[in-house]
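Asker: First the structure, which I've put down as structure tokens, then a few questions once you've had a look.
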Amino acid sequence: MKKKKVLSSKVLSLLFLLLMAIIWLIPILWGVVTSFKSEMELMTAGFRFLPIEWVMSNYTELLFDNSSTPLVRWFMNSLLISVSHTLLVLIVVSLSAFSYSRLNFKGKNVLFSFLMATMMFPSVVNLIPLYKIIDIFGWVNSPLAMIVPGAAGVFNIFLVKQFMDNIPKEFDEAARIDGAGEFSIFLKVILPLMKPVLLVVALFSFTGSWNDFLWPSIVFNDIDKMPITPGLQLLQGMYQAQPTLLMAGALVAIIPTFVLYLFAQKYFLESMSLSAGVKG
């Protein structure tokens, strides 16, 4: 009787997850097939999931005929910004977390508590002062306007610090006995053990930077220097009656994050446990 109940619960769970997967996949599949339809077919063929004729004209028009919509340039701008931002985040966050977790200095706990308290404020309240700072530095219409702000994300520092707190401090003491300094301990002892959580931070930082829309829409007004997300908004303005082109542009925009997660999902799932990698 118990086995039947367990089996039926597993079947119901499987059916529920399958239903959720189908609901999630249908809009994506619809976008993919729509991007391969001609504009005439979309307007005249009625509701039809698969195209009558598969065409590549939407992609060729966006990627090669891009005098007014430089999609390739937007893509490369986003790639440069996201990769640079992610590397800077990893450097700043790992060093900050090491300071709060391993070093002893006056006011450390008070400073960390104040840092955590800033998470209570919505990020939108920082837009005007942050823009003023960016303008003073002369970073408007510059990739630095997206690379530098947010490098010291409070949540990322908290996440890495919590992970680092689980690393036994006996490792540090053994390294000090061998004559290692604090920076050597960080590079040779702590950093190799932080790979799982740093991969999570890298994934979140890259996807957050790549998908950011509000901030780049504020700091960029030069079309050639825009990342791809606000560029898609311009596509919507230029091609209001051409949803096939919009779908093609949106699919090009999601390629990097999809590929990144595809290859990093193993590490992402493993790192859900903050103690992963330090057991034993």
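We did not get these values from a lab; they are worked out from the coordinates using the rules stated. Note that the structure is predicted; figures quoted are calculated from it, not measured. No Cβ is skipped: glycine too gets one built from the backbone with ideal geometry, and neighbour counts run over all protein chains shown.
Asker: Restricting attention to region 30-64, which residues are within 32 Å of the chain's Cα centre (by Cα) and either more than 23 Å from Leu235 (Cβ to Cβ) or of a type in the set (A, V, I, L, M) (or both)?
Answerer: Selection gives Val32, Val33, Phe49, Leu50, Val55, Met56, Leu62, Leu63.
Asker: Looking at (1) part of a loop (DSSP other than H, G, I, E, B); (2) in contact with a Pro (Cβ under 9 Å, 6 or more places away or on another chain), can you tell me which one Phe163 breaks?
Answerer: With respect to (1) part of a loop (DSSP other than H, G, I, E, B); (2) in contact with a Pro (Cβ under 9 Å, 6 or more places away or on another chain), Phe163 is out only on (1).
Asker: I need the full set of residues from region 92-109 which are exposed (fewer than 13 other Cβ atoms within 10 Å of the Cβ) and in contact (Cβ under 8 Å) with a residue 12 or more places away in the chain, in order please.
Answerer: Leu103
One line per residue, one yes/no per condition, for (1) in a helix (DSSP H, G or I); (2) aromatic (Phe, Trp, Tyr); (3) in contact (Cβ under 8 Å) with a residue 40 or more places away in the chain; (4) exposed (fewer than 11 other Cβ atoms within 10 Å of the Cβ):
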| residue | (1), (2), (3), (4) |
| --- | --- |
| Glu61 | yes, no, yes, no |
| Leu111 | yes, no, no, no |
| Leu115 | yes, no, yes, no |
| Asn126 | yes, no, no, no |
| Tyr131 | yes, yes, yes, no |
| Val140 | no, no, yes, no |
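Asker: Continuing with the same structure: Consider Ile254 against the criteria (1) under 11 Å from Leu71 (Cα atoms); (2) within 15 Å of the chain's Cα centre (by Cα); (3) not aromatic (Phe, Trp, Tyr): it satisfies all of them except one. Which criterion is unmet?
Answerer: In the conditions (1) under 11 Å from Leu71 (Cα atoms); (2) within 15 Å of the chain's Cα centre (by Cα); (3) not aromatic (Phe, Trp, Tyr), Ile254 misses (1) alone.
Asker: How many residues are polar (S, T, N, Q) and surrounded by 15 or more Cβ atoms within 10 Å (Cβ to Cβ) when one looks only at region 148-183?
Answerer: Going through region 148-183 one residue at a time, the tally reaches 2.
Asker: From the list Phe114, Phe137, Phe163, Phe158, pick out the single residue that is farther than 18 Å from His85 by Cα, more than 21 Å from the chain's Cα centre (by Cα) and of a type in the set (Phe, Trp, Tyr).
Answerer: None of the other options fit; the residue is Phe114.
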